[in-house]
Structure formats: structure tokens, C-alpha cells
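What follows is a single structure, written as C-alpha cells, with notes after it.
The values are calculated or read from the model by the stated rules, or taken from the named source; none is laboratory data. Fair warning: this is a prediction, and the values are worked out from it, not measured in the lab. So basically every Cβ, Gly included, is an ideal-geometry build from the backbone, and we count neighbours across all protein chains shown. Accessible surface is based on the protein model in full, side chains and every heavy atom, while ligands, DNA and RNA are left aside. Shrake-Rupley method; radii C 1.70, N 1.55, O 1.52, S 1.80 Å.
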Amino acid sequence: MSGDAVASLPEGLLDAGVWFRVEAAPTASAVRRQAERLAIELALPERRIADLSIVAAEAAGNLVKHADQGVLLLRPVRTGGQAGVEIVAVDSGPGMADLAHSSSDGQSTAGTLGIGLGAITRQATWCDIHSVAGRGTVLTAQVWPADPPAPFWAAGLTRPLTGETVSGDAYAVRDADGRRQVMMCDGLGHGGLAAAAAYQAVRAFTDAPAVPPAAVVEILHRKLNHTRGAAVAVAELDPDAGLVRYAGLGNITGTVISAYGPQRGMVSLPGIAGHQRRQIREYDYPIAPDAIVLMHSDGVADRWSPADYPGLMTHSPLVIAATVLRDAGVRRDDAGVLVARLP
């Protein structure tokens, strides 16, 4: 996607960001310029714009020098009345067997000074990296105008079908009067009409009252009746009860995954929000403190296992989501992944 391709979208979808395929130095330069432009639009201080420029240049430059099939997402992030810039760099390259060693200044496999990862961790407000030798690396970084917000308990990523400029998949996260809820949706079909349905689902979810997941899905069903419809699912994480409350309509996959126990699939009932439903039911599932909730559209295959990624479950929801999207997302469909954990 190019920056021009998203110029006319509503703000809620603009926040989905812009994906770059980074294979050559000119693209890396374009990433840096786009990051600086976004930071100016978000009114970041000049000092933080300079920091972001370094982070963007190093992240994109690392993809050019070391990566295989490297892509980078650039997008705004918002919380607590402030906005920052987020970078997600993903590749299927050789990976790093010893990440701590590779992050030290002076370590390089490309004949350079080897200061890329060190510069990123120093200049970014927040940074998280996971790498597996032979599988590739996921690097995430945020630059905020001041002190960083509390760590995000949920994060997601979407990617459009190859050849499309917008994705019909979308997600949203909210804390509604103490109810920590997440929503994943897949607008029917592809392109602009699917994206419009997804945007309506995000807006309806954000505006819905603080009610249980089944009631939220019922609201989404009513609000989407003038769109082409969507598959939707809502999960509520309750740390006091140790439960996930889940309601889904259509082909959204939801799973509770523990690093030390079995995976547990969650039930979405047949239907299309906005058009067809027989019933909407809510189910409760136990969740351990170490576990995550993973939700994704049918553009992501069910072939992901945490056992293949040592240490991944200890990383941020964003790094986990990016890893799943890289290795299980399919190019013949829009793809969306959402990961949440108990706060």
C-alpha cells in the first residue's frame, strides 16, 4: 500500500497504517520520510521526530540488508489523550540465534557498523523483538511524545488481499466501565465495500454500551444491516474470574492458548452480522495468567503453534500477532489477527 492509497479513508481505518515491502534502499528512505511526515501530523516534538527518523531508518535498513520477504507497517497509536508512531518490521530471513548478542553495538553480519538494533532500542520509547534462527525476526517499536503509556494488553494487525489497497478485516479494543473487550471482524468479500462494513463494525463496537459480549454482537448485527455484512466476534477478559467471555457470529476463529497447556477453541455460531442469524450465544472459557486469546479471520490458517517459537508467549501481544500474520496469513484473502492477554 502507498500513502496516497489511504488518503480518503475514515480516521478509524487510517489507523490501520501503511504496509511497505522493503527490498531496496529507496524504499527504506521512503519509510523514513513517511514516518517523519506522520509524526509531524501527530504533532510530536522535534526531538522525538528525530528519534523516530533513526528508528524508522534502522528498522527499514535492517530489512534491506538482512531480510527475506521483509515488510514494514507504519501507523499511528493512540492512548490516554496522546498519539505516537508505531513500526512493525517483519521478515522471514535467517533470524538471530542470540538476540541479546546481536543487539549489542558492533555486531553485524553485513559488513556495517552494527548499530542498528542498538540504535532502535535506545531511540524508541518502547521496543520488543523476537527472533528464531531459520524463521525470521519480528521487531516492533513505538515513539511517543513523552512518557510511554502502560503496556498494551491487546494488539492486532490487518493486511489486505494482494492487489487491494484496503482490508475488509478490522479489530478494536476497548475498556468499557471495567469491561476489557476486543472485537475481530471480517467484512464480507474484499475491497472498499468490505472495508466499509468493517469500519461500521469498529464504530458500533466502540460506541456500544458496557454490556456483555453477546449483547455487543447483537448491537453489531443491528448496526450492520445497511452494509454487505461481516463475521464478528467479541471477547471479554475478566482477570478476577479468570475467564474469557466470548460470542461470535460467522467465520472468526477464537482460541485460548497457553504456553504450558492445551489450546482451547472458542465457539462462533453460523451467520452474517447484519443479515443472517439464528441465535447469538455467549460462552465462558477459563484462562490462565500465562495464556493469550488469539482471534483471527479466515485469511489466517489454523496452522500456528507456540511450540515452534521458543519464548514467543512471553512477548507483547503485538509481536505475537505479527508472527502469526507472517507465518499463517494467506495472500489470497484479507488477513487479520488480534491477540489479548489478562491485564
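Only protein atoms count toward the accessible area here, which uses a 1.4 Å probe; on the chain, the carbon and sulfur part of that area reaches 51 percent. Can you give me the Cα centroid spacing of the range 117-180 and the range 299-318 in angstrom? With the range 117-180 and the range 299-318 each reduced to a Cα centre, they are spaced 14 Å.
Rounding to the nearest 20 debye, state how big the charge dipole of the range 154-341 is about its Cα centre with +1 on each Lys and Arg Cβ and -1 on each Asp and Glu Cβ.
360 debye
Solvent-accessible area per residue in the range 154-341 equals 39 Å², computed with a 1.4 angstrom probe and all protein chains kept. Comparing Gly156, Gly265, Gly136 in a Gaussian network model of the chain where C-alpha atoms under 10 Å apart are linked, the largest mean-square fluctuation is found at Gly265. Computed from the alpha carbon positions, the gyration tensor of the range 265-343 leads to an equivalent ellipsoid with semi-axes of 25, 18, 10 Å, biggest first.
For the chain, modelled as a GNM whose springs connect Cα atoms under 10 angstrom apart, the maximal fluctuation among Thr314, Thr158, Thr253 occurs at Thr314.
Can you tell me the order of 209-220, 162-173 when each peptide is scored by its average per-residue count of other Cβ atoms within 10 angstrom, highest first?
Numbers: 209-220: 18.9, 162-173: 22.6.
So the peptides 209-220, 162-173, ranked by packing, come out 162-173, 209-220.
Give the calculated FRET efficiency between Arg277 and Arg47 to the nearest 0.05, with a Förster radius of 56 Å applied to their Cβ-Cβ distance. Calculated transfer efficiency: 0.60.
Calculated [222 nm] ellipticity per residue, helices only, for the chain: -8500 deg cm²/dmol; basis is -39500 (n - 2.57) per DSSP H run with n ≥ 4, divided by all residues, nearest 500. With each label modelled as a point 7 angstrom along the Cα→C-beta vector, the Arg37-Ala307 pair spans 4.7 nm. If the chain linking Asp290 and Ala215 were pulled fully straight, counting 0.36 nm for each residue of separation and taking away their Cα-Cα distance, it would gain 24.2 nm. A simple spin-label model places pseudo-atoms 7 Å from Cα toward Cβ; at Arg264 and Ala241 they are separated by 1.2 nm. Over all alpha-carbon pairs in the range 131-273, figure out the percentage whose distance exceeds 24 Å. Counting pairs separated by more than 24 Å, the tail of P(r) holds 39 percent. When the chain is treated as a Gaussian network with alpha carbon springs shorter than 10 Å, the biggest mean-square fluctuation among Ala322, Ala154, Ala291 belongs to Ala291.
The base-10 log of I(q)/I(0) for the range 199-343, evaluated at q = 0.10, 0.11 Å⁻¹, reads -0.34, -0.41 [Debye formula, identical scatterers on Cα atoms, solvent excluded].
Rg/Rh for the range 132-212 (Cα atoms only, Rh after Kirkwood) is 1.05. Using only alpha-carbon positions in the chain, the gyration tensor eigenvalues give semi-axes of 33, 22, 19 Å once each is multiplied by 5 and square-rooted (largest first).
The stretch between His226 and Gln69, if pulled fully straight at 0.36 nm per residue, gains 52.6 nm over its current Cα-Cα span. Span-like helix criteria (full DSSP H runs; alpha carbon extent of at least 20 Å along the helix axis; mean Kyte-Doolittle hydropathy of at least -1.0) are satisfied in the chain by 25-41, 46-66, 191-207.
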